[in-house]
Structures are given as structure tokens and as C-alpha cells.
Number of protein chains: 2
Amino acid sequence: MDLQGSFHVYDTTLRDGAQQEGLNLSVADKLSIARQLDELGVGYIEGGWPGANPKDTEFFRRAQDELDLKHARLAAFGATRRAGVRAADDPLVAALRDSGAGVVTLVAKSHERHVELALRTTLEENLAMVRDTVEHLRAEGQQVFLDAEHFFDGYRLNRDYALEVLRTAYDAGASVVALCDTNGGMLPTWVADVVHDVVETTGVRVGIHCHNDTGCAVANTLAAVAAGATHVQGTVNGYGERTGNADLLAVVANLEVKLGRQVLPTGRLGDATRIAHAVAEVTNVPPASRQPYVGTSAFAHKAGLHASAIKVDPDLYQHMDPADVGNDMRLLVSDMAGRASIELKGRELGYDLSGDRDLVARVTGRVKEMEARGFTFEAADASFELLLAEEVEGARPSYFDVESWRVITETRPGDEAVSEATVKLRADGVRYVVTGEGNGPVNALDFALREAIGQAYPEVAKFELIDYKVRILDQGHGTDAITRVLIETTDGQSSWVTVGVGHNVIEASWGALVDGLTFGLRKHHRA
Amino acid sequence: MDLQGSFHVYDTTLRDGAQQEGLNLSVADKLSIARQLDELGVGYIEGGWPGANPKDTEFFRRAQDELDLKHARLAAFGATRRAGVRAADDPLVAALRDSGAGVVTLVAKSHERHVELALRTTLEENLAMVRDTVEHLRAEGQQVFLDAEHFFDGYRLNRDYALEVLRTAYDAGASVVALCDTNGGMLPTWVADVVHDVVETTGVRVGIHCHNDTGCAVANTLAAVAAGATHVQGTVNGYGERTGNADLLAVVANLEVKLGRQVLPTGRLGDATRIAHAVAEVTNVPPASRQPYVGTSAFAHKAGLHASAIKVDPDLYQHMDPADVGNDMRLLVSDMAGRASIELKGRELGYDLSGDRDLVARVTGRVKEMEARGFTFEAADASFELLLAEEVEGARPSYFDVESWRVITETRPGDEAVSEATVKLRADGVRYVVTGEGNGPVNALDFALREAIGQAYPEVAKFELIDYKVRILDQGHGTDAITRVLIETTDGQSSWVTVGVGHNVIEASWGALVDGLTFGLRKHHRA
């Protein structure tokens, strides 16, 4: 089944999603999200606007070496040529051509007032800009999609011109024209009518790009598909400017589960929940528990009244099997959920737990208890494996005993703050007292800890802390809240993530640091 | 215009909304929310289930004395009589009758499998339960609405029976039958078809009650209205079990603004944003910034590209006038911003910069330079305003001079970490040396700083740090990276966000803390 041909699932998390207030993605973040999207099986990943800002240019450069996409194709976003220049002479068009992306998605004006006010050119020149740019990029061997900006509003104002823009792009060789509800004010029946008219009148291949300003982005997208669109744009977790874009996972789940239309490779929808949460870890935007399909509350039931009926026939109380999107039914007072996934996770890590129901129950119970305290194991496999090893082997893997630690951060006006940490611990029978400095308290602690352990275990010299993420849970309590820290450590060959939690950000970081070194030492001692 | 008669806006925040995971409302909370809902002008407020739990019973008791509703009518929610007893003899029905509510909303089964499995009775007895209970309450002088639970699923399984339940209730005197998508699996076209059939076939007055499991609760509600429903149920902020109920404010805004159908008293929609936020304060669920119509980001614009066009004609870039729902257009100052957006932003904060091109260029330059270092002003209006004041007034507003600060965090095995901060500063000519403790380093610093300044400026006693966010920038460098901290401070009346940046997380936090207090002091000294 040629999903890239017959129906496009087009993700714009890295471009339009990144327009969300407060969301700021580094190049490494973008590469990491692109890998998740490829695992999900989307057809197209819009990576950004090369040439418009250095970060996006670098993303496309690094993507050529570092992204090994199995399924998705990378799309570069950019504008049609400027008025009055040849497409071949426009440096921004050149940046698209040279991006290395097989697909270019060109944004074009289709609303006459926007042409006049924002582009400050004539309606005729705008058509020429569309035609020239599409033809130029096609001639250079790229596939071209057109994003018709403000299309629905433009169609209302001047239907003929809006349609003319689409026809021009299509005739010049664009494969798809995506109708954009840029300001987000549409309702489903309106979208359906316009898409139907466009398909009937022009015969172009239609895509749809919706924003959620009326709370109808998902429904608007579905309405467009019902009216003939075969290309849907959206973002993971509905990220995007203002109220966000259409939530791509909800759109896809509705198409596959509710409407029986396969749009992802077989079986991939079952990763939706994991991927939604993994992307949220990268963006550091707390996932919405009430998010359709993938939220932690999406299949949660207050037990009691319904519990016995749920046991007899769960389908009476849920609209679908949550496993189809990788989620779980959760009874808020029961601990029945999650055992199967613990077993699966254990198998993934090389532990066959299927024969030991007590063990699975114990691990499930500890995970639930720790998650209630703020831990998360979704993104912290190494901490989960240490927990599992502790339950399987009877004791937590341990290579050193910490006696105490202390860290001081101080400053004087005009100077940068400095941090100094002292760690006291015993390793391999010897007591070490080591002081380290750093440009932050965790940096100083990491340095002192590594120095101390390194005398007994020289292999830690290879370990390096490569990522550090902090999230404040239980917001609304200011600096008094619970803090969760995720740390990624590498030994140069592979990397692993550990988690720490505490009221004190330093203490949470310490827990994750100790887990990170312990996991690495265990890995080397077992190898 | 008799809005209570011709079209019902029926709020169930206090009953179905309160089913949300983690949401827990006291009787005082419920009374407070009911007052907000009355101000909004909803027709009906479902207060809870009297008789089923003591809290709801008390709410209805206190509501009779303490709630002086100007517009809304109070509805009591409850079930039809149990199988095999007379309605007049059922204590739960009596609790509804005696609740003091003018309206009773009876939940009834309309799905044959639910009748058999959950009620464990016959289809005939279920009809009798509906008939008897409605007749009994009508005879006692109450208006009765019927909530047909699992209606859409039941209709699919056995259309005739589902319709029979509705007819029975209507013939017995119910004013409205609300069709409930209890499991939330419907899509708009399906809802439209079923509602249309119900209206055509039975002639009953139809209401609609949707959940957001497919991300379509708002669209489903609108589809039902288009098909003939004249009673919409929903909750403020879309609170509710699993993925939540239909967001009542989005439904109402769509009906009034988009579809030109007045459903609230004239002018009340303009309070929607304020009320959504006020209710969020009571529920203590942080408001979603991306919430349609009322979210803080709902009318925020980031792209500098658009700012010049926004100045010419804001309607080209927004789907409606935000004032119609009591919200505001907001321009985000970001590194994509150009001079036009700085000028607009200044105007928003009360500074007319249009006459001073040099000043605008200076501010734009500083913003870009600071953003390159990791600052962000998108979410930190207060830090931006301090920067603007510095450039306009020639010096940064300052109320105290810091000499030095130091914070120590330490632990011993088995103990929680503790932090102790010492701050030395001069305020109003006096030198202060203050030490404070906290369960984290920033908490300790905040405490010591506030103590020290509070001796010169007692008004800081009112300030409270209500949110603290940490973001590691430049990821891939571990604990050596740049850290950005956002802090939200309140004085009990309004709140403001400041930003700090540094290699050292403590130093970044310190910068944001100092800005937060400085902004608050400036606000009070100018007032």
C-alpha cells in the first residue's frame, strides 16, 4: 500500500508547531522529534524554513548526515520568490533548492487583500511568483506542495482569485495544494463546502491545514477529508501558534479507528501514546492529561458504580480499545492496568517476567507508587532497568556508598556565579572526599562525584553527561513544587536516560546523576 | 428574548466537570463557580446529585440561602427510580424532589445492554422507571429534563428502543431529552444524522451532551444544533472525565460569533475570558494557554513577518475581534520580531514609541542580542517592560543594590536535602544581611531576598512566587548548558512573568527573582 502516494499524513510539528508560544526547539531537539515521527510512520516531516533562520538551515544540513529516515520524507518550508526577481535569483528559493529535502512546501498568498497588504504586489505578479517558483523547483527535481495561506478567508472574499492561485500552482507542477485555515476561524460545514467546491471545480489534489481557534481543528480536518482532501497537515500534541494546529494523532486515530481508513503503516498507531509523550519530553511542554486518545486520563474511569459492569464488558464503557493507540484503560482505584506493559518492557530489556506474577505485581506496584511521587519511566529506561534489577536480583545494583554531599553557589556583583561541590563516599573499600567546581551546582556535583568514583572505577572517565532536563511538576506552588530531572549519559557508544525527583532541584539532580553512573558501571561490569 | 425557553445553555461544570481526575470541589468552591456561571448568563446550572453524596446535598441546601441567581436556574441531577419500587418511595428520588432545585435532570438508560448489565432489569421496567419518575417529579411541580445516557451507542444497537425511551420521557412530561455521547466516540456527521432522525421521528425537544474523546466535542455539539437540538450541555474549560466534556464557552462563542445565534443575554460573552480564568482559580487547574477563545495564547502573534501587516489591518490576522470574548490581541516579542512588533508591544504596555526611531532600534537590538544569549520575552512581559523602561527613562528601575549572595545545599544519607541562602544588599540606605532556609536553593534565596527587601518595602509581603519554570537551552552540553528560568509573581491582584538566564541555574533564577520583585515594586510605586 503506497501510503505516501494515496494519502499524505504530513507533520508540521517542527515548523508550525514550533510557532507555539514558549516552545523553543534546538537543532538536536528537532532531529530527535523527526526520529519519533518517522517511527510513527508519517509520510512527510516538515523540518522548518531553511534560509530564513540559521537554526533551520543547520537542521537541514545535519539531517542529511544524521537522519536515517525509514519511512518519512523530509519537506522544507518556504515562500514563493519575491516580487520582481527571477526564482533562480532569489536567495531564499535557492536555500530551499539546496536544502537536501526531496519535497518543498511553498507558502503562497491566495487572499487578495494579503497579496496587496503583506506582499505589496499585484494579483497578477503573485500568480507569476507561484508559477515561477513551482516550475523552478520542479525543474531542479524537487516535489512541490503548495500551502495556500488564508485560503478560506480569501475564498470568501474573492473565490475566483483564490481558485486561480490553486490552478496556477497545480498547472506548474505542484502535487498538492493544501488549503490553510491560517486564522483558524472555520467550522466543519464551511470547510466541507469549500473543499467540495475546490475539488469539483479545479480537479487539483487537495490538502488541509487547520488551526484550533474555534475548537474544531480535528473536526475541520475530518470534514475536509470527507469532502475529498487526501493530504492532512497537523502537529503532535496539537502544538502551534495561538490555540495550536490540528492534533495529528487525533486526526489519524479518527481516520483509522473511527472511519476505517488506513493512513499509517500497519501497526504504527499503537505507538501513538508513547510518541506523544516522548515528544512532550523533548519540547518540555507538559502533556495534557485530557488529550484525546493519548492523554493519561483518556481512558481513565472512576471506578465504583461502573466497576462490575466494566469487568463484564469493558466495551460498554469505552469508545474503543485503548491498546489500539498504545494507551491503557485505567481504573482510578485499581492497579490492574499496566501489568502487561511492565511484562513487555521487561522483555524488551532482556528480562522474561512472564513466569512470575508476583514479581510483575511488585514492579507494577512500585512503578505506580513512584509515578505518583513524580517519577516517569517513559523516557528513563535506565532508571526503570535499575528498579527491575533490584526486584529480580534482590538488591539494587550499587558500586559506591554516599556518605554526604554539599554544594555552594555564590556570587558577587559583576562576577559570574560559581559553584563548588564536596562529595564524601566509599568505593571499593576506600573513603574518598572530593571537591569539584563547576559553573552550576549540578555541574559541580557531577564533577566531584565522577572524580571520587573514578579513582576506584577508571572507566567512568569515558562517561559524559550529554543532556539535562528539568521539569517542575505540581505547578502553581512556585519554588516549593516537586522537581523532576532527566539526565542522559553516554559512554561514547550508547546513551541512557535516568530520572530523579525531589522538592529540591539539586537533590533530584543528584538522584539522576547517581543512577546514571550506576547504570553505566553495571553495563561495563556485565559486558 | 426568552433565552431560557428558546435555547438552553446548560452548564454541568459542578456535576460532570467535577468528575475530572484530580479535580475536587468543596461546597464553597461550587457556590463560587455557580455565581460566575450566573454572571456569564447560562440558562441552567447543574449543581450535583443531591442524596448521592453529602457534599452535593449540602450544596443544594446552602444554595437556597446563599445563591441569589439573577439569571440561571439551578438543576439537580439524579437517576430514575430503582427497579421494583414506586418513585414516591425511592429515597434518592425524594432527595431530588426536596433539593429546592426548580429543575431535575434525570439520567436514564437508553442502551439495551446497559439496562440489562448495569441496571439488571428488563427493558419494560426501565421504561416504567422513566415514566414514573418523570410523572412523579412533574406532579411535585418540578421541570424535568432527561439525560439519555449512552444514547448514540444505544441507538446503533437498537434504534427502536432508544427512541422509545425518549418518547416515554417526553410523553410523561419531560421538557427536554438530552442525547448523551457518554463514551465520547462520536464524530460530527454521525451526531448530525442521529439528531436529525430523532427530531424528525419523535418530535421531542432534543438536547446534546458530548465528551471530547475524539477531539470533536465542540464540533459534535454544533452539529447537533444544526440538526435541530435546542439545548446544549457543557462545562467551563471543558472539565470532565477522561478527555473532558464539550467546552461550553467555545460552543457558545461559536454559536454567537460564528453562527450569529444569540444564546446568552446581550453582552455577556464579553466576560467569557475573565470567567474561564476565575473558574480555573477556584478549581486550581492551570488554565490551558491554547484554549480556544479564552486562552492567553488564543490571540497571540509571534511572527515578526506579520507585524507590519497587523498594524495596517488586524482583521487580516485574526478570525474575530478578541474583545468580543473579553480577550486581547497580544504580540509576542521574539527573535523573529522586527521593529514594528516592538512598537506595537510598547503601545500595548502604554509606551508610545512611534516618534522615536532610534529608541525602537535600540530596544529591538537589545532584544535580539539578549535572545541570542538565551533570554525570551515572549512569555516574560515584565522583564521586557523593565528593559523598555530602562531605555525610555535612561536607567533601569532599581530599589535595592545587591552586594552578594550565597546558597548552600547539603544532605546526608537518609535525610532530605536542605538549602540555606544568605543575601547581602542595601535598600533605602540601609545594609541588610539575611539568611533564609528552604527546601530548594531558589526557594531559600527567594525567602532571604524577600526578607531583606521587606524591611525597606513592606509591600513585598503581598508578593508571592506562583510559578517557576526551568528550561535547559543549548542541549547536548549536559549540565554545562545555558539555563533559562521563568518566574511568575503575583501581588494578589495581577501576576507578571520575568526571565533570567545563565550558565548557572541558581544565577538564572536569581536574575528572574530580582526582576520579579523590581517589577512589582515599580508597579506599586507608580500606582
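Details
- Single unsatisfied condition, B:ASP16 versus (1) out of contact with any Gly (no Cβ under 8 Å at 6 or more places or on another chain); (2) charged (D, E, K, R); (3) under 19 Å from B:GLY234 (Cβ atoms): (1)
- Contact map, region B:40-59: residues that are over 27 Å from B:VAL252 (Cα atoms) paired with residues that are of a type in the set (Ser, Thr, Tyr), Cβ distance under 6 Å, separation 6+ or inter-chain. Pairs shown: B:PRO50/B:THR57; B:PRO50/B:SER99.
- Out of A:GLY478, A:GLY438, one residue alone is at positive phi, surrounded by 18 or more Cβ atoms within 10 Å (Cβ to Cβ) and modelled with pLDDT under 90. It is A:GLY478.
- Residues of region A:201-223 satisfying the condition of being farther than 27 Å from B:LEU331 by Cα and in contact with a Gly (Cβ under 8 Å, 6 or more places away or on another chain): A:VAL206, A:ALA219, A:THR221
- B:LYS368 vs. criteria in contact with a helix residue (DSSP H, G or I) (Cβ under 9 Å, 6 or more places away or on another chain) and either at pLDDT 90 or above or outside any loop (DSSP other than H, G, I, E, B) (or both): no
- B:ASN53 meets all of the listed conditions (1) surrounded by fewer than 19 Cβ atoms within 10 Å (Cβ to Cβ); (2) away from chain A (no Cβ under 14 Å); (3) on the phi < 0 side of the Ramachandran plot but one, namely (2).
- Against the criterion of being more than 24 Å from B:VAL134 (Cβ to Cβ) and surrounded by fewer than 22 Cβ atoms within 10 Å (Cβ to Cβ), B:ARG61 qualifies.
- Residue tally, condition more than 14 Å from chain A (Cβ to nearest Cβ), among the charged types (D, E, K, R) and within 20 Å of B:LYS523 (Cα to Cα), over region B:350-384: 1
- Any hit, region A:107-117, residues being within 17 Å of A:TYR44 (Cβ to Cβ) and within 14 Å of chain B (Cβ to nearest Cβ): yes
Residue-by-condition table, conditions (1) hydroxyl-bearing (Ser, Thr, Tyr); (2) in the same structural domain as B:VAL199 (by TED's automatic domain parsing); (3) more than 24 Å from B:VAL199 (Cα to Cα):
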residue	(1), (2), (3)
B:ASN220	no, yes, no
B:ALA223	no, yes, no
B:ALA229	no, yes, no
B:VAL232	no, yes, no
B:VAL236	no, yes, yes
B:TYR239	yes, yes, yes
B:THR243	yes, yes, yes
B:LEU249	no, yes, yes
B:LEU255	no, yes, no
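- Leading residue by the ranking (nearest to the chain's Cα centre (by Cα)) among those in region B:100-149 that are among the hydroxyl-bearing types (Ser, Thr, Tyr) and surrounded by 21 or more Cβ atoms within 10 Å (Cβ to Cβ): B:THR105
- Test result for B:ALA95, crowded, with 16+ Cβ neighbours inside 10 Å, touching a Leu at 6+ places or on another chain (Cβ under 9 Å), over 29 Å from B:ARG268 (Cβ atoms) and among the small types (Gly, Ala, Ser): no
- Among residues of region A:208-241, those that are at pLDDT 95 or above and closer than 14 Å to A:THR182 by Cβ, counted: 11
- Qualifying residue in region A:451-472 (condition: within 19 Å of A:GLU507 (Cα to Cα), modelled with pLDDT of 90 or more, within 9 Å of chain B (Cβ to nearest Cβ) and surrounded by 23 or more Cβ atoms within 10 Å (Cβ to Cβ)): no
- Only one entry of B:SER419, B:SER341, B:SER354 meets the criterion of being of a type in the set (Gly, Ala, Ser) and in a loop (DSSP other than H, G, I, E, B), and that entry is B:SER354.
- Matching entry among A:GLY173, A:GLY184, A:GLY244 (being buried (at least 19 other Cβ atoms within 10 Å of the Cβ) and in contact with an Asp or Glu (Cβ under 7 Å, 6 or more places away or on another chain)): A:GLY184
- Within region A:1-45, being of a type in the set (Ser, Thr, Tyr) and either away from every other protein chain (no Cβ under 14 Å) or in contact with a strand residue (DSSP E or B) (Cβ under 8 Å, 6 or more places away or on another chain) (or both) holds for A:SER6, A:TYR10, A:THR12, A:THR13, A:SER26, A:TYR44.
- Selected residue (criterion: farthest from the chain's Cα centre (by Cα)) from residues of region B:253-268 that are away from every other protein chain (no Cβ under 11 Å) and in a helix (DSSP H, G or I): B:GLU256
- Selection within region B:318-330 - more than 11 Å from every other protein chain (Cβ to nearest Cβ) and either part of a loop (DSSP other than H, G, I, E, B) or free of Cβ contacts under 8 Å to residues at least 60 places away in the same chain (or both): B:ASP321, B:ALA323, B:GLY326, B:ASP328
- Positions within region B:7-35 being more than 21 Å from B:PRO50 (Cα to Cα) and at pLDDT 90 or above, in sequence order: B:PHE7, B:HIS8, B:VAL9
- Residue match in region B:212-222 (condition: within 14 Å of chain A (Cβ to nearest Cβ), closer than 20 Å to A:TYR317 by Cβ and surrounded by fewer than 24 Cβ atoms within 10 Å (Cβ to Cβ)): no
- Checked against the criterion of being of a type in the set (A, V, I, L, M, F, W, C), surrounded by 17 or more Cβ atoms within 10 Å (Cβ to Cβ) and in contact with a strand residue (DSSP E or B) (Cβ under 7 Å, 6 or more places away or on another chain), region A:380-387 has at least one qualifying residue.
- Across region A:424-443, the qualifying residues are those that are farther than 16 Å from A:LEU521 by Cβ and in a strand (DSSP E or B), and the one among them that is nearest to the chain's Cα centre (by Cα) is A:GLY438.
- For region A:1-27, filtered to residues that are among the hydrophobic types (A, V, I, L, M, F, W, C) and touching a residue at least 40 places away in the same chain (Cβ under 8 Å), the residue that is surrounded by the fewest Cβ atoms within 10 Å (Cβ to Cβ) is A:MET1.
- Residue list for region B:401-416, filter: part of a strand (DSSP E or B) and under 26 Å from A:ARG426 (Cα atoms): B:ILE408, B:THR409, B:GLU410, B:THR411
The values are calculated or read from the model by the stated rules, or taken from the named source; none is laboratory data. Since the model is a prediction, treat every value here as computed from it, not as a measurement. Counting neighbours? That spans all protein chains shown, and the Cβs are built from the backbone with ideal geometry, glycine included.
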